[in-house]
Amino acid sequence: MMDKWLDSNDLVPYDNQVGGHKFTKEKPLLGLLKHKEGYILKSVEGGTKGKNEVRFYEELRKNESLINLRKLVPLYYGTVTLEINGLDITFIILDDITTDMKKPCVMDVKIGSQTWEPGCSEKKKNDENAKYTNCKEQWSFCIPGFQVYDLSNSNLVQPQKYDKEFGKSLDPGQVISGIIFIINLTINNFIFYYIQFNVSVFKTFLNLNSGYLGLEKLVQSFTTQLDHIRRYFQTQKHYHFYSSSVLLAYDAETLKNDKNTFPSIRVSLIDFAHVTPADGNIDLNYLQGITNLWTLFRTQLLHNN
């Protein structure tokens, strides 16, 4: 607990949030807050969802067998209860992966074609299946939102934001240069086929039209980090992740016109309200999506920027 020093007067809505609901005093159980010291506060929602996410972080902190997974998520500092608009609200306290970034470009990529957890209601299944349907069916991931500092336009001083409505409107048929490729991945006699990626969204996010010589290092860095996650999920059998995201972030200020300079990037797994026990089985739903995302970076973006 950190309530001995954490003051609600030091909190502001988190500007770099790109997915999910935004925080307002009228709806304090939604959205993220940022503390002046650089921490992110995520409200613990009522019911089982919030408790499940706290339980996940607590086990991750205490279970040494999960040390490799711990390296893939934001640092967790516990929980705190604060009074917001007359209500006592409990928050999870996390590290902000955009700390020290002057021009943070951030993308939320929700992984998996199935975003509802086993045992949920039929209404929940139907609601989830109705969201980002084309993207999830075709790519096994979707993009709830992103923000980017457009380096090709020097007149823009604020990031351009693309919210969940933009993500829902994405057309899976939009493919750069008509490139279509198929990957065959066989795991435990289960075959996945991946086709047609809309990489124009990622080209916007990565500033690939800016002409900077450091772009290859940027894509290379993301590719390497995504490969770490992919390799972890090839073998992990402790959890299954539903409606969980990979957060991609880089500092556009560190993107130089130098092909030998690596820009500042962070990649992190987030959102664990719907994590369930794996019962000794590989999370094929998540592995399918993260492999898709990694392959997009490795085969299309890395060699075509």
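The values are calculated or read from the model by the stated rules, or taken from the named source; none is laboratory data. Keep in mind that this is a model prediction, so the values were computed, not measured. A quick note on method: Cβ atoms are made from the backbone with ideal geometry, for glycine too, and the neighbour counts reach across all protein chains shown. Note: areas computed on protein heavy atoms with side chains; ligands, DNA, RNA excluded. Shrake-Rupley method; radii C 1.70, N 1.55, O 1.52, S 1.80 Å.
If we keep just the residues of segment 96-112 that are open to solvent by 50 Å² or more (accessible area, probe 1.4 Å) and touching a Gly at 6+ places or on another chain (Cβ under 9 Å), which is nearest to Asn285 (Cα to Cα)? So the residue we want is Thr99.
Taking the condition part of a helix (DSSP H, G or I) and open to solvent by less than 10 Å² (accessible area, probe 1.4 Å), does Cys142 pass? So Cys142 fails the test. For the residues Leu248, Leu206, the requirement of being open to solvent by less than 20 Å² (accessible area, probe 1.4 Å), within 18 Å of Lys71 (Cα to Cα) and under 19 Å from the mean Cα position of the chain (by Cα) singles out Leu248.
Going through Ser268, Ser245 one at a time, which residue ends up being in contact with an Asp or Glu (Cβ under 6 Å, 6 or more places away or on another chain), within 26 Å of Asp150 (Cα to Cα) and hydroxyl-bearing (Ser, Thr, Tyr)? Residue meeting the stated conditions: Ser245. Scanning segment 213-262 for residues that are modelled with pLDDT of 95 or more, hydrophobic (A, V, I, L, M, F, W, C) and not in a helix (DSSP H, G or I) returns Phe241, Val246, Leu247, Leu248, Ala249.
Residues in segment 18-46 that are modelled with pLDDT under 70, more than 16 Å from the chain's Cα centre (by Cα) and buried (at least 22 other Cβ atoms within 10 Å of the Cβ): Phe23 alone. Of the numbered conditions (1) touching a Cys at 6+ places or on another chain (Cβ under 8 Å); (2) over 18 Å from Val73 (Cβ atoms), Thr254 satisfies every one except a single condition; which is it? It is condition (1) that Thr254 fails.
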